[in-house]
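Notes for the one structure printed next.
Taken together, the values in this text are just the output of simple stated rules run on the coordinates, not laboratory data. Note that the coordinates shown come from a computational prediction; the quantities given were computed from them, not determined experimentally. Please note: Cβ atoms are built from the backbone with ideal geometry, for glycine as well, and neighbour counts cover all protein chains shown.
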Amino acid sequence: MPISPRIVSTLACLAIACTMVRGEDLEVLCNPENFDVNPFYPFTVAFLDQVVDCTWKSEDSSCSINETYKEGSLWGHGGCSQNLKGPTDCEYCTGTAKEELYKRCDTRVKGAHIRLAGCSLRYETYGFIADPPF
């Protein structure tokens, strides 16, 4: 019997001592590794903004992107549940998810993954196959 991608990613994250915070409608995984150079932070912020915009503007409310900078590469994925009522709800949910990531993870982490009741966001410094958001 195949193991679900969500279980695999959770186990992999736990194996490297990720921080997991659970709330009623919230799951956050923060990579324990930080970027050595703090100037990478503005790229992470701009990158997450791109993931949010790409997600709510896409026809299927799902988007994966990759950007390469002098300091390194970032991969990201965002997705919204079909239960949300259109692009406005998806934009609000992914924007909220981004803000929760900033609150719950150090702003220099090399990767993070958040799931809210209606959406999810993830970014990493390595390529990954995105988990289905729901």
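Cross-link partners for Lys70 among the lysines, with Cα-Cα distance under 20 Å and sequence neighbours closer than 8 places in the same chain left out: Lys110. The lysines whose alpha-carbon is closer than 25 Å to the alpha-carbon of Lys85, local same-chain residues fewer than 8 away aside, are Lys57, Lys98.
Near Ile65, once Lys and Arg are set to +1 and Asp and Glu to -1 for all other residues with Cβ below 13 Å from its Cβ, the sum equals -2. Take each peptide in 88-97, 57-66, 26-35, 110-119, count the other Cβ atoms within 10 Å of every residue, and average; sorted highest first, the result is 110-119, 88-97, 26-35, 57-66. Computed from label points 7 Å out along Cα-Cβ, the spacing between Tyr102 and Ser73 is 2.7 nm. Note that segment 45-59 has calculated 3J(HN,Hα) couplings of 4, 5, 5, 5, 4, 5, 4, 4, 4, 4, 5, 6, 8, 7, 5 Hz, one per residue in order, obtained from phi through the Karplus relation 6.51 cos²θ - 1.76 cosθ + 1.60 (θ = phi - 60°); glycine and proline are x.
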